[in-house]
1. Report whether or not residue A:229 is part of a loop (DSSP other than H, G, I, E, B) and either outside the structural domain of residue A:447 (by TED's automatic domain parsing) or in contact with a helix residue (DSSP H, G or I) (Cβ under 6 Å, 6 or more places away or on another chain) (or both).
2. Within the stretch A:237-254, does at least one residue satisfy the condition of being part of a strand (DSSP E or B), modelled with pLDDT of 90 or more and either closer than 19 Å to residue A:456 by Cα or touching a Pro at 6+ places or on another chain (Cβ under 8 Å) (or both)?
3. Does any residue of the stretch B:29-40 turn out to be part of a helix (DSSP H, G or I), over 25 Å from residue A:108 (Cβ atoms), among the polar types (S, T, N, Q) and more than 10 Å from every other protein chain (Cβ to nearest Cβ)?
4. Would you confirm, using the coordinates I've provided, whether residue B:80 is over 30 Å from residue A:181 (Cβ atoms), at the interface with another protein chain (Cβ under 7 Å from one of its Cβ atoms) and not in a helix (DSSP H, G or I)?
5. Scan the stretch A:89-104 for residues that are of a type in the set (Gly, Ala, Ser), more than 8 Å from every other protein chain (Cβ to nearest Cβ) and assigned to a loop (DSSP other than H, G, I, E, B) and report the count.
6. Which number in (1) in the same structural domain as residue A:382 (by TED's automatic domain parsing); (2) crowded, with 20+ Cβ neighbours inside 10 Å marks the one condition that residue A:258 misses?
7. Which one of B:2, B:63 is exposed (fewer than 10 other Cβ atoms within 10 Å of the Cβ), free of Cβ contacts under 8 Å to residues at least 60 places away in the same chain and not aliphatic (A, V, I, L, M)?
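The values are calculated or read from the model by the stated rules, or taken from the named source; none is laboratory data. Predicted model only: the values in this text are computed from it and were never measured. Cβ placement follows ideal geometry from the backbone for every residue including glycine, while neighbour counts extend to all protein chains displayed.
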Amino acid sequence: MTRIPLRPLARILQAREKGENPDAIEKENIRQRHEEMRDKARRRAEGRLLVLGVAFVCAFAVVGLRMGAIAASEPREPRAAASGSEILAQRSDIVDRNGKVLATNLFTHSLYAQPPVMIDKERAARELVKIFPDLKEERLVKDFTGKRKFLWIKKKISPEQMQAVHDIGDPGLMFGPREMRLYPNGRLAAHILGGASFGREGVHSAEVVGVAGVEKVFDDYLRDPANEGAPLQLSIDLTVQAAMRHVLEGGMKLMQAKGATGIILDVHTGEIMAMASLPDFDPNNRPRPAVEGAASDSPLFNRAVQGLYELGSTFKIFTVAQAMEEGLVNPSTMVDTKGPMTWGRFRIRDFKNYGPELSVTDVIVKSSNIGTARMALMVGTPRQQDFMKKLGFFDPTEVELVEAPGAKPLLPKKWSDISTMTISYGHGLSASPLHLAAAYASVLNGGTRITPTILRQEGPQRGERVVSEQTSAALRDMLRQVVVRGTASFGEVPGYFVGGKTGTADKPKENGGGYYKDRVIATFASVFPTNDPKYVVIVTLDEPKTHALGEERRTAGWTAVPVAAELIERTAPLLGVRPQIAPLPEVGITLTSN
Amino acid sequence: MRIIIICMAVVSLGWMGFKAYSETYVTKQALKEVARLQQQIAAKRERLAVLKAEWAYLNRPSRLRELADLNFDTLGLLPLQPAHFGTADQVAYPLPDLLPITDPIEVAGIVEQQQ
């Protein structure tokens, strides 16, 4: 690059000759030089901007194209992952406390049709009806020959059926892979598990959603891929549940009952070891909810959780518990039982006259309504309400079943003195057998509140204190006396020191207006062993009757108690409770000396 | 000198090109193998799930009870009863182990001497 001098001699000399100022030339040159420098700098800057612009355009174009490519391409599993994907099934298994499978998944196929590509539509319909007798041939022919381009024929088919359909050989009949929920144990624990059905459906897959029981409550957990297929472990023991269902079914038939309920609850952890409600259903083929008739007659109805019943004399123990806790009575205090007891226009009677007065223990042993009502009056309405609230009779149970929140106990609208008296012996307040189980566990386990749970627990619950340990022990002793010499004498199981309280409540008429004379709910609430409580067992029979000693009997002592005794005898060894054998009398050796 | 450098550069370039080419194919082959294995694993897992379900189905308590009833003659299985619990004193004490021999004695010689 040639550099022009600022003061070129030739021009300066010329300018001097003409008498001009030579500095002007220098200034002019400086200006020109600056202009050149400025232009050069601008060109360079413009060039740089251009390069930068092109770079940005390229970068954004790459990002945009990549986004487009990712959005448009089919998703694919990463191939280079170290291990195969852990999650194969879309829903976790459900297992019992020992890891035995209660619910799992099975791969199967669904069957659908695309009429436009079908060849011989009439024949296909005819052959399909041969394979699936529940389909209607006319309906199929109508669907195939109509305007429909797509229709589902069966949601789940077995491999044999699939082969048979395959053998029809029509290209318009197609199979989609399906994952179905399988309950290998059938009716066992049907109410707890609930059931599952298909949610959104596509040809390639379908969503499996829980419709009831734990399947619905833990739907999100079971479907969460973050669990990596870890199963949901329930507190149920499959073997105990099977034995319980077997015994209850037999007992229900023997006692000609309409329904039966059994609950075994761990008194320390609150775990439900077994819970059954009969009649039940097969969750593999869950029936539709009944549209007519009472909901409680449907096999879908979980009597243990949803059934609200007046549970009768089983409540007496709560009244005694409270009276003892308040320091009003002790087990040997005498209570007035002269009957009939008149209160306003109400009269309270006992099953039979028990004489002028009984000790508190005998009030429980003989099940005196009058004695209990008198104790309830001593306690008073507000304190009774508080205590019932503490035991959980004011709210639905907190067990993890979708049916539980709907079963709020029925309390009297106006809690008057007469309500206090009737509730003291279990009338006028309807609760579910599970409420009863939880309340019994709470007062008998040493006196701390138990919340029943269906999930396996690691240790005992530390609930708030409901009654003192001394009261709890005294109550267990009273319940033991009921079995030894009271209304539940059939409840004795050698070696297990069973204690319990019977309850027989007349059934209220469905449309109001009093009670049935010949229909009862018979309940036996028991605990074993009473010297070291481990389990609470509740057995409830709906409308039982049996013929014994020449007359028809409905009371719990003749119906629910023998069933419960059989239940305890069968399940206690399975639960690992060892019978305590009373020490044998000394062998007859007479010590002599001579 | 310059020729040598250029030759070496050309040779190494060719070698690297060939290496990259063959490595690509090896990688593709490995990926294919991985995909095949993963498919196999998935199939095995599916099979395992089916077998587990079948195991659970065949071991359902109602079936076991029926089988126990059917084969009562040979098996004689009864539901577990409280009387089936044993007590510790029904079990015989194990025979005590021999004490370790720390000081062996040469018996043969003694026997001979006695004779």
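1. yes
2. no
3. Yes, there is a match, as at least one residue in the stretch B:29-40 is part of a helix (DSSP H, G or I), over 25 Å from residue A:108 (Cβ atoms), among the polar types (S, T, N, Q) and more than 10 Å from every other protein chain (Cβ to nearest Cβ).
4. Details: over 30 Å from residue A:181 (Cβ atoms): yes; at the interface with another protein chain (Cβ under 7 Å from one of its Cβ atoms): yes; not in a helix (DSSP H, G or I): yes.
So residue B:80 passes the test.
5. From the stretch A:89-104, those of a type in the set (Gly, Ala, Ser) are A:89, A:92, A:99, A:103; that's our starting set.
Narrowing the set further to residues that are more than 8 Å from every other protein chain (Cβ to nearest Cβ) leaves A:92, A:99, A:103.
Of the ones still in play, those that are also assigned to a loop (DSSP other than H, G, I, E, B) are A:92, A:99.
Counting residues in the stretch A:89-104 that are of a type in the set (Gly, Ala, Ser), more than 8 Å from every other protein chain (Cβ to nearest Cβ) and assigned to a loop (DSSP other than H, G, I, E, B) gives 2.
6. (2)
7. The conditions single out B:2.
Listed here are the residues, each with its yes/no results for (1) in contact with a strand residue (DSSP E or B) (Cβ under 7 Å, 6 or more places away or on another chain); (2) at pLDDT below 85; (3) surrounded by fewer than 18 Cβ atoms within 10 Å (Cβ to Cβ).
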| site | (1), (2), (3) |
| --- | --- |
| A:56 | no, no, yes |
| A:60 | no, no, yes |
| A:78 | no, yes, yes |
| A:125 | no, no, no |
